[in-house]
Amino acid sequence: AEAKALGIHRGDSFFSLAEIVKHANVEVFSSNYALYQDLSDRVMETLLSSVGSCRPYSIDEAFFTVETTGQAFVDGLRKEMLVKTGIPVSISVARTRTLAKLANEVSKHNATGAYSLPVEDEERLLKASPAGEVWGIGWGSAAKLDRFKIKTAWDYANRDDLWIRKHFFVTGLRTALELRGCDAVSLEAENCQNLCSGISFGVPLQSEDEVSIALSCHCSSLSEKLHKRNLLATVMTVSLFTDRFKENFIHPAGSVRLWRPSSYTPDLIKAANRILSLIYHPAKYKGCRVWVSDLIPDDYRQFELADSPAMVQHVQKCDQVAQVVSSIQDTYGRTAIVCASSYMKNKADLMRQEHLSPHYTTRWGDLPSVT
């Protein structure tokens, strides 16, 4: 709120804000993903222990189900989360996830940081909420909503089901049903379809070998994400990009289908380098991104009839190695054991982090001291 009051908006470039930063005494911090993820894990674990269920939706958001509702309950839960984690979260409870998302905007402005939406107040909230801000509709549909004179969430929820399905498809109908209080999207029904890892480099990379090292770091990150979700990747996509604000901007990209579904880091690195060899052109690359898609549960993997027993054993050994590596990294940190192709680097080493905050919870040397 303080940044917005100064005229700073999400996505503004740092160099364009130099005067504001200087004269308004603005504190600037580089991205500290290790710290963010550790704090996120602590919040999720505390939520799970407090309410018995937790489905992380992103690094800073999760859904949970409870039998008890009411303002006193959410106020108490929010206070408990603050005491145990030190993170001032906002908590909202409603009949459906979509209603809970709308109610969360109210909780952010409550003195307690929490809000339990009574059924009798749902109509008032829907009439006060712009349709374009409803989770599941989004600002991208603003023009279509305006064309049909749909201004609020209440307008959208009261449209005919057949009309909604025609213009906003099945997902749009589910959103309308959720706004009406019907649980149309199950927590278990939502499957992760793809995962991405990507950053902008602190210093442009010019050689294919340097880009290959960066891709190895991304593949290690993606492997960790796949393991945590018990998923295997079927397709990989790699994209590179130069500075879009300079002449001769290029954005080469390519995809390959893995020879077998995998979350094994060396398999992902081999696939990424195969794509790199096909799309690389000499240039000063500002960053790269790696996607894995067509994800399947790891217990759905099937072998081909032509696969030899030796091949099956090889895959099983890779799975065992991956489990051991994951265990070591969980205990001693992500860089405790890495693939040689990353040259002992991680994503943070590739970024410009001139204003990096201390790793308060993940690095012994950065522990706060009291004198």
| task | Please report the relative contact order for the chain, taking Cα pairs under 8 Å with a sequence separation of at least 6, and give it as a percent rounded to a whole number. | result | 15 percent
| field | Listed residues ASP12, ASP294, ASP160, most fluctuating in the chain (Gaussian network, C-alpha, under 10 Å) | value | ASP12
| query | Among all lysine pairs in the stretch 1-136 that are eight or more places apart or on different chains, how many have alpha carbons less than 20 angstrom apart? | reply | 7
| field | Loop sites in the stretch 257-326: chymotrypsin sites (Phe, Trp or Tyr not before Pro), DSSP, at most 15 other Cβ within 10 Å | value | PHE303
| query | Given the options PHE63, PHE29, PHE245, which has the most mean-square fluctuation in a GNM of the chain, springs set between C-alpha atoms less than 10 angstrom apart? | reply | PHE245
| Equivalent ellipsoid semi-axes - Cα gyration tensor, the stretch 1-110, angstrom | 32, 17, 13
| query | For ARG301 and GLU208 in one chain, what is 0.36 nm times their gap in residues minus the Cα-Cα distance, to one decimal in nm? | reply | 30.2 nm
| task | Using a cut-off of 14 Å between beta-carbons, work out the net charge of the residues near LYS246 (Lys and Arg +1, Asp and Glu -1, LYS246 not included). | result | +1
| Roughly how many Å is it from the Cα centre of the stretch 312-371 to that of the stretch 82-155, as a whole number? | 37 Å
| request: Highest first, please rank the peptides 177-183, 17-23 by the mean number of other Cβ atoms sitting within 10 Å of their residues. | output: 177-183, 17-23
| note | By the mean-Cβ-within-10 Å protection proxy, highest first, 76-83, 145-152 rank as 76-83, 145-152
| said: How large a share of the accessible area of the stretch 123-261, in percent, is made up of carbon and sulfur atoms when the probe is 1.4 Å and the other protein chains stay in place? | reply: 53 percent
| request: For the chain, give the magnitude of the charge dipole about the Cα centre (Cβ charges: +1 Lys/Arg, -1 Asp/Glu; no others), in debye to the nearest 20. | output: 700 debye
| Solvent-accessible heavy-atom area per residue, rounded to whole Å², over the stretch 250-329 at 1.4 Å | 60 Å²
| field | Percent of Cα-Cα distances greater than 28 Å, calculated over the chain | value | 59 percent
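The values are calculated or read from the model by the stated rules, or taken from the named source; none is laboratory data. Being a predicted model, the structure only gives us computed values, none of them experimental. Methodologically, a virtual Cβ is constructed for each residue, glycine included, from the backbone with ideal geometry; neighbour enumeration extends over all protein chains shown. Ligands, DNA and RNA are stripped out before the accessible areas are found, and what is left, the full protein with its side chains, is counted by its heavy atoms. Shrake-Rupley method; radii C 1.70, N 1.55, O 1.52, S 1.80 Å.
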